[in-house]
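The values are calculated or read from the model by the stated rules, or taken from the named source; none is laboratory data. Just so it is clear, the structure is predicted and the values come from calculations on it, not from any experiment. Every residue, glycine as well, gets a Cβ built from its backbone with ideal geometry; the counts of neighbours run over all protein chains shown. Surface accessibility is based on the protein's heavy atoms, side chains included, excluding ligands, DNA and RNA. Shrake-Rupley method; radii C 1.70, N 1.55, O 1.52, S 1.80 Å.
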Amino acid sequence: MSLPVGRCRLHGCAADPPYARGVTETSTDTVLDGRYRLLAQLAVGGTSTVHLAHDQTLDRTVAIKVLHPHLANDPTFLDRFRREANAVASVAHPHVVTLHDVAADGGYLVMEHVDGPSLRDVLRLRGRLRPAEVLSLLGPVAAGVAAAHDVGLVHRDVKPENVLLGSDGQVKVGDFGLARAAAGASVTFGPDQFAGSPHYTPPEAVRGESLDARSDVYALGIMLYECLTGRPPFEADTPFATAMLHTSSRVPPPSQQAKGIGAALDRVVLTATDPDPSGRYPDASAFALALATAVPEGPAPVDLRDGDHQTIVLPVVATETVVTARDQGATGRRWLRRRSRGADAAATTAGATPRPRRRLVLAILLGLLVLGGAGWGVYDQVVAPVTPLPTVVGTSPDAAVAALRDAGFDPVVSDEQRF
């Protein structure tokens with residue numbers, strides 16, 4: 001999959017797309033297991049280095065994730081990694097990056113190559129996105145994560161870097177299973193280091209508790225907040241301090257940071273990021289349903305701009321896999337109905353104005369208006385009544401006096417006559 005601005009230098013294009021600036025050349029003499037020829041280094045992460053490669057057996061372009069030496073030589077990590085890779089291979093979904101192969105020694109894995117930007121690249125270029133654009137990206141992401149939840153697999157590292165986009169509109173989630181395997185390796189957890197992605201880490205992970213589908217929902221809620229506002233909710237001087245903020249602070253409603261965000265989206269963010277896992281959506285399917293309901297106008301194409309101000313449009317592709325489990329649609333709707341009052345209460349705590357309070361304010365104002373009108377009537381009719389004055393211009397003095405007396409006045413006729 002590629003964007004319409006062309007490919008990177010590696011493919012002979014004069015101008016690199018903005019998301020390919022980190023691509024570096026790799027010696028084409030490096031061949032793994034006599035099959036995969038490494039072509040270019042795409043990215044370097046905490047657990048591995050990602051390379052563009054050519055599968056010489058099937059004659060196709062692939063992406064290869066080569067584990068860092070300290071992990072590739074860790075028997076505990078490799079054992080967990082192989083088991084997780086087998087679980088990931090069972091997830092066949094259009095919004096999940098396909099796993100093609102795993103090295104016999106576990107030192108690398110071969111994945112589908114998605115030739116396009118990550119969600120992180122999109123956020124760097126655009127800052128914040130409109131709600132309809134967010135739906136077009138996070139709806140498929142939630143669908144892919146939900147497919148993993150259906151087979152009992154928890155991603156553990158849902159973040160913008162692991163969301164890849166293609167020119168055909170497909171949005172894919174990658175790096176399934178690697179975070180779980182990394183959690184079993186020998187890592188340092190202290191004031192200056194943190195194993196994971198601290199901006200998207202749920203509180204239970206910081207506390208060392210067990211993780212489930214609701215932990216991925218928390219990360220989805222953080223990504224939703226970031227897409228709507230242009231920045232994550234928590235930021236500190238160190239990764240550890242950032243992670244600790246998830247345990248001591250509540251994610252604020254995104255409408256407090258950006259305009260054009262309705263109360264429905266606030267409720268989705270607040271529910272997904274509830275510090276207590278029992279207060280969150282039960283899985284990614286329920287999150288996807290709530291997000292779609294909160295954006296009734298539906299998804300919209302995402303517009304990007306490259307360095308030459310060329311418009312890059314990521315089209316919207318219709319998907320029927322937002323709710324993946326057979327009974328998840330009805331279950332999710334019932335759960336949403338049960339949670340509606342609780343979500344309203346959470347929004348009130350976080351600063352949103354609930355409907356009952358607005359109705360109370362309107363009732364008080366209406367009552368004041370009624371009381372004011374009644375008070376004026378008493379003053380006008382009882383305290384200081386106003387009697388209409390009859391028109392006597394052009395009539396004789398006797399007729400004028402008679403008319404005024406009939407109206408309740410006591411007229412006095414002056415002896416002075418002026419013309």
Practice prompt. Within segment 104-124, find all residues whose amide N lies under 11 Å from a label point positioned 7 Å from the Cα of Ala300 along Cα-to-beta-carbon.
Written response: none
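With a Förster radius of 25 Å, plug the Cβ-Cβ distance of Gln41 and Ser90 into 1/(1 + (r/R0)^6) and report the FRET value to the nearest 0.05.
It comes out at approximately 0.25.
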Worksheet item: Rounded to two decimals, what ratio of Rg to Rh does segment 71-174 give with C-alpha atoms and a Kirkwood Rh?
Response: 1.01
Response to the item:
The answer for Ser48, listing residues at least 5 apart or on another chain whose modeled amide H is closer than 5 Å to its amide H, is His68
Discussion item. Quick check: pseudo-label points 7 Å beyond the Cα along Cα→Cβ at Ala263 and Arg124, how many nm apart are they?
Written reply: 3.9
Worksheet item: So how do Phe240, Phe234 rank on accessible area, 1.4 Å probe, biggest first, that is with the largest at the start?
Response: Phe240, Phe234
Discussion item. Please enumerate, by chain and number, the lysines with C-alpha under 28 Å from the C-alpha of Lys65, excluding those fewer than 8 residues away in the same chain.
Written reply: Lys159, Lys172
Item to complete: Note down the accessible area of Glu235, probe 1.4 Å, to the nearest 10 Å².
Response: 110
